[in-house]
Structures are given as C-alpha cells and as structure tokens.
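Reviewing the structure listed below.
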Amino acid sequence: MKRTLGVCYYPEHWPEDQWVKDAERMVKAGLKWVRIGEFAWSRYEPVEGIYDFDWLDRAIDVLGTAGLNVVLGTPTATPPIWMIEKHPDMLAVDENGDPRKFGSRRHYCFSHEGYKNECRKIVTAMAERYGKNPYIAAWQTDNEYACHDTTVSYSDAARFAFQNWCEKRYGTTSALNEAWGNIFWSMEYSRFDQIDLPNLTVTEPNPSHVLAFKRFSSDQVVAFNKVQTEILRMHTDVDLIHNYMGREMSFDHYDVGADLDIASWDSYPIGFLSDRLEGSVEHKSRFLRQGDPDMQAFHHDIYRAVGRGRWWIMEQQPGPVNWAPYNPAPLPGMARLWAWEAFAHGAETVCYFRWRQAPFAQEQMHAGLLRPDDKDAPALAEALQVAHEIEQIPNVDIGNAPVGLVFDWASSWAWDAQPQGADFDYFRLTFAAYRALRRAGLSVDILPPDTSDLSTYKMVLAPGLLKISDPLRAALKTYDGTALFGPRTDTKTDELSIPTPMGPNIPNLDTTIAFTESMPPSEALDLEGCGTIKHWIEALEGDAEVSEATADGRPVIVSNGATHYLSGWPDEQAFDRIIRGLCATAGVEITPVTDGLRIRDTKTHRFVFNYAPEDAEYNGITLPAAGVYWTELK
Ligand code: GAL
C-alpha cells in the first residue's frame, strides 16, 4: 500500500492570491493531501439559507489542479452565530445546568433535533455541490467529536431523548427499575417522563443510571454522525473519515467507525504528555520534547481496529501547540519519527496540522509547517524528508501482531460510573498492560469486545473488561493460546450490578471474588516475586491454581492451564515480569527494550524508534535521539 503525507489548510484564513503559491509549495514539500473546510460555516452560509460556495469552488480548484487530493470537512463543529440566535436551546448544558456559550467551537448538543436538521441542510448543500468533484478524494465528518468534553449534555433536548432511549432499551419502567435496582432509596419510576439526567443529585446517582446515560450519550454521537454519512453516501463514492482524539473515552468509537470507511486521529504527542497522561515528574521531563513512547502507538493500534484496518493521522503535531499547560517544542527529528511510527502501525496517510501558523485568534501560538511570516518552520524539512523516504521504502505489509489486547469504551463508562477507588481508570489500566507488552518489544493488535476470532493470536489480554461478550466467550472456548483476564474483568452485569454467581465468570477458570479492596497511591502490596500491586486487589477464592501471590499469601494470579486471572493492578516491574513469564510459556518471542527504545514489527519489516533524548543502541546499531531504523524481516 502506498503511504502518503498531507496537511490541514484553511484557505479562508488567507488572501486568495496566496492560495496558488501555497498549493505549489505543498506539492514541492511532497504533500499529497490537503484537508480543508471543517470550520468555515460562517463563510459557506453567512446568512441563513444564503450560501456562498464560490470561494470554496475556487480554493478546491487551485488545490486540485496543483495535484493535491482534497479532504473536505463538514463544518458542523462550528455553527455560526445566526444559528444560535435561531436555536438558543441548541447549546449543550454542563453538569451544573449552565449552557456552554458561543465564542469558541463545538457549542451544540448532540440531541437537539433542530440543530441536527440544520446539519442535514448544510451537509446536503455541500454533498450536492462537491459529491462528484474530481478533486475531493475524501470527506471528514464534523471535527473531533467529544473534544472539549462535549459528548455529554444535560439539556432539555438530551433529557427527552434519554427518556425515549430508556423506553426503547427497557420497554417498561418496571424492567428499568429492576435493571437499575431502583427499589434502593425509593428511586422507582412509574413513567419514562419522570426520569431525569443523573446530574445535580444530592449524593451520587445510581451507577446504573449513570452508565445508561453514558451509553445513551455515545449513541447520540453515533446517530449525529450517521445523519451526515447517510447524506454523503447518496452523493459520493469516496472515503468518509472522522478525526478522533487521544484518550477520548466518552463515546464508542467502534460504533461511529462502523459508518465510516477510514478512522483517523489527531496526534499531539507533546501536548498529551503534558495534559493527558499520568506519569512521574522524571518521566515527563525525560520525554518532554518527544512525547510518551507508547501513547501514540497505543492510539495507532486502537484506530487501526476502529477503522477495520484502514486509518490515518489527520492532524500531526509539527511544533509547539497552544493548548497544553506547557508547550515545549519537539526535539529535532520528532516530526519525522512520529510520521514513521504511524506508518509502521499501518497508517495510510499522515497529515500535519497545520500549513501556516495563524497570526490571530485562539491558536496563534500553535506552530504549523510555515511560520505566520511565511518562512519555513522546522517541521517542513522533516516532512519533506519523510516524503522522500516513503518513496524509497518498499511496501510495508502490516500483518497480524502476535498479541491481542481487548479495548472497550463501555468498560470505561462502567468503572467511571462506580470507580470504587479514586484512581481506577480503565484507559490507564489497559495502557499499563500495553506498555508492559511494548517494553517486551511486542507488537499488539487492539481487539473490539465482540471479537469472535482469536485464532491468529498466541496471547490475548482483557484487563478490566466489563463483560465478556457472547462472541468473545465462544471464541475463548476453543482458543488454545494464553489468555490473561483481570483485574475486574466480567465482575458485573451489563447493567452494573453484582451477578449471581459472583464474578469473574471466566471460561474454564474456577475463581470467585469474595471482596475487593482499593488502596490510596501511597500503598503497595509486595509480591512474592519482584514488584508490587497498587490501587486495587480482589480477594479470590476457588479451586484454580494460585500461580502468583502477594508476600503475605494473597492470590494475585490464578490459572488453569493457559487461562489466567489477575486480581490486582501490578506496578511496572511486576507487569513486566508477569507478561514476560506468560510469553515464555506461550511461545511468544520477546525483545526487551529499555527506556525510550520501541519496536514495531509488521509482517515484512521491523521498525525501531528512539524516543530517548540521547543515542540508544539496538542490535549493535546506534540510533540518535529521535532516530528511526528499519530492516526487512526474513
Ligand atoms: C485539534 C483540532 C484542531 C486544532 C488542533 C490544535 O484538537 O482538531 O482544529 O484545534 O487540535 O492542536
């Protein structure tokens, strides 16, 4: 498969006579794609019903005739002011009941039917005009669903829609009362229109109610996206894409992805390290200018799964961003490394964000490939280098990884609804497992929770999974590889109550959680082997063999053959030891790496990346800081 580079561009930010020069310069920089249009509604429709697409016709023409493929974005993340005047109640409402006002972006509630209709109109107008345009090679729906915490809204529109959603899911209020356990504290309902949203309650709301609301909120995003894909599909045959975010757990990306052709995500490694990741001061300082060595890879693998194999980077950080608490510049070479890492995980295209730094408004301190004065910014040369390199390297065949890791949005909602320990976070737990696999030099495929075929994997992990789905359970029955579950896997019903018999209900494993403890960050339980258990430990009973215990004899791993359940949250050292021990028995070959060195194997190539801020050795080869190395696998 041919890999390509691209860039995000805002023709409406620049005088028209600059467009031709910009397009020529993009082509000279080796870029093949340009994404435009996703925030320009106030120029497409300055006044309600009066469209002005002439300038966009010309912009597309300039970019297309220069040889660029255009990704056209629908502008529904930025409704103009007249829209808010027309539909004042379309604004999302925050948890305190306050509307989230106009003046930035994403100021809409997913449940507002009036706004959804307005979206239908603008998307139809654009699809009719550009659906067959030869330069439009893909469409992007909206922009970063959920960004700025916008999935959930406590508006009247959301409340009505939630009541309908509950009626559809449960049928009768008595079924809902039963499913949620509403006899507790006299929370029973007799009509669906009595059900409110779970905010502003005196103390915690019923976790089943919260989980239902999170499921509903996710479904609203899916429905909103589908409105657009259905219209676009009537007018175009090119690929439909959405640009997802990093560590965004508020909606089910598999569900949105099912209506799209390609998944893409927006990768800001340095911003994420600073504002979106747990980590010691030392870790954050060591990777300050490179980003966490596993965060990008984890998302690449997640979005490869969401896109059913087809995925892009729609926005790649090129220099300092504006939105994190602190915004250092990347080490020289990182804008190249990040792109190569994405390609090594199967990305078809990597687009840098953005072409020229804007001299105005919110993102004026956010770097681009060009400076606001039109001079080259440092990342431009690195993009050009990547463009040359992808021409040289033969096609990379991605293949399957030896290890599968189940990743599931609904599990995150469940544990957020009832954490039971302040720092139990599903993303953090699965990422801890992923990191341990990567420190063993392993490549990983992310598996959706309804995976029904495990046959290509030597090892499968499913930490913290709310429910083992029926298809996964069926696949596990005949699976002869190594499987590691827990902590917390299959310990609740789908409605978030304790099942009878009590969990975990793991195929072929006789173990039950008698009770669960969570612990403050200062506490740790020593293990018999090296390392400790932190945050969380379940007291296990049953006949399964105890294959690992705490120093004071509490079961931590119980096993039956190659099926294992882990009852606690291992620290880094313990996770490394556990994973490597399992690999040894599962016949999974490992290549332990230290510090910032990371390996990604495809079917045809091994890629090695150096995230460390100084030289690192791999197999007798010295990789400089931000170095990338690849070799063909025989
Ligand atoms: C993304 C967003 C872009 C831009 C960028 C800045 O989240 O999609 O529009 O704001 O961040 O880093």
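The values are calculated or read from the model by the stated rules, or taken from the named source; none is laboratory data. Keep in mind that what you see is a predicted model, and the values were worked out from it rather than measured. Methodologically, a virtual Cβ is constructed for each residue, glycine included, from the backbone with ideal geometry; neighbour enumeration extends over all protein chains shown. Note: accessible area is taken over every heavy atom of the protein model, side chains too, but ligands, DNA and RNA are not part of it. Shrake-Rupley method; radii C 1.70, N 1.55, O 1.52, S 1.80 Å.
Legend: residue pairs LYS28/LYS132; LYS214/LYS492; LYS86/LYS214; LYS2/LYS226, Cα-Cα distance threshold 19 Å; pairs beyond threshold, LYS28/LYS132; LYS86/LYS214; LYS2/LYS226. The calculated FRET efficiency for the pair SER104 and GLN18, based on their C-beta separation and a Förster distance of 25 Å, comes to about 0.45. For region 297-417, a/c is not less than 1.5, where a ≥ b ≥ c are the root eigenvalues of the C-alpha gyration tensor, and a/b does not top b/c. That puts it in the oblate class. With unit charges on the beta carbons (Lys and Arg positive, Asp and Glu negative) and the dipole taken about the Cα centre of the chain, which residue among PRO134, PRO75, PHE160 sits farthest to the positive side? So the residue furthest toward the plus end is PRO134.
Converting phi to 3J(HN,Hα) with the Karplus coefficients 6.51, -1.76 and 1.60 and the offset θ = phi - 60°, region 250-258 yields 7, 9, 7, 5, 4, 5, 5, x, 4 Hz in sequence order, with x at every glycine or proline. Using C-alpha pairs below 8 Å separated by at least 6 residues, the relative contact order for the chain is 11 percent.
Rounded to the nearest 20 debye, the dipole size of region 1-98 about its Cα centre is 940 debye, using +1 on the Cβ of Lys and Arg and -1 on the Cβ of Asp and Glu. Remark: region 123-224 projects, on average over all directions, an area of 8.8 nm² (convex hull of Cα atoms).
With both residues required to sit in the chain, DSSP beta bridges show an antiparallel share near 45%.
In region 279-294, whose amide N lies under 20 Å from the spot 7 Å out along Cα-to-Cβ of MET365? List them in ranges. Counting only backbone N, you get 285, 288-291. Taking the square roots of five times each eigenvalue of the Cα gyration tensor of region 180-219, the equivalent ellipsoid has semi-axes of 16, 13, 10 Å, listed largest first. A simple charge model with +1 on the Cβ of Lys and Arg, -1 on the Cβ of Asp and Glu and nothing else charged puts the dipole of region 233-346 at about 360 debye relative to its Cα centre. The GluC sites (Glu not before Pro) of region 521-565 meeting both criteria, a DSSP state outside H, G, I, E and B (loop) and at most 13 other C-beta atoms within 10 angstrom of the site's C-beta, are GLU523, GLU528. In percent, rounded to a whole number, the relative contact order of region 483-634 is 16, using alpha-carbon pairs under 8 Å and six or more apart. First check a/c for region 349-464, with a ≥ b ≥ c the square roots of the eigenvalues of its C-alpha gyration tensor; if it is under 1.5, answer rounded, and if not, answer prolate when a/b is larger than b/c or oblate otherwise. Oblate, because a/c is 1.5 or more while a/b does not exceed b/c. Hey, with R₀ at 60 Å, roughly what FRET efficiency would THR478 and ASP373 work out to, going by the Cβ-Cβ distance, to 0.05? Calculated value: 0.40. Overall form of region 524-634: prolate. Here a/c, set by the Cα gyration tensor axes a ≥ b ≥ c, is 1.5 or more, and a/b is the larger of a/b and b/c.
With semi-axes defined as the square roots of five times the eigenvalues of the C-alpha gyration tensor, the equivalent ellipsoid of the chain measures 40, 34, 20 Å, largest first. Put a plus charge on the Cβ of each Lys and Arg, a minus charge on the Cβ of each Asp and Glu, and nothing anywhere else: the dipole of the chain about its Cα centre is then about 1260 debye.
Projecting the Cα positions of PRO592, HIS605, VAL628 onto the charge dipole of region 580-634 (unit charges on Cβ atoms of Lys, Arg, Asp and Glu, taken about the Cα centre) puts HIS605 furthest along the positive direction.
Mean residue ellipticity, 222 nm, helices only, the chain: the sum of -39500 (n - 2.57) across DSSP H runs of n ≥ 4, divided by residue count and rounded to 500, is -10000 deg cm²/dmol. Normalised per residue, the accessible area of region 200-246 is 36 Å², obtained with a 1.4 Å probe and no contribution from ligands, DNA or RNA.
Between CYS530 and ASP57, the contour length at 0.36 nm per residue exceeds the alpha carbon distance by 163.9 nm. The trypsin sites (Lys or Arg not before Pro) of region 86-162 that meet both conditions, a loop assignment by DSSP and at most 14 other Cβ atoms within 10 Å of the site Cβ, are LYS101, LYS132. Along its first, second and third principal axes, ordered by size, region 373-429 spans 52, 40, 15 Å in Cα coordinates. Ordering LEU91, ALA23, THR4 by Cα displacement along the dipole of region 1-104 toward the positive end leaves THR4 in first place; charges were set at the Cβ atoms of Lys, Arg (+1) and Asp, Glu (-1).
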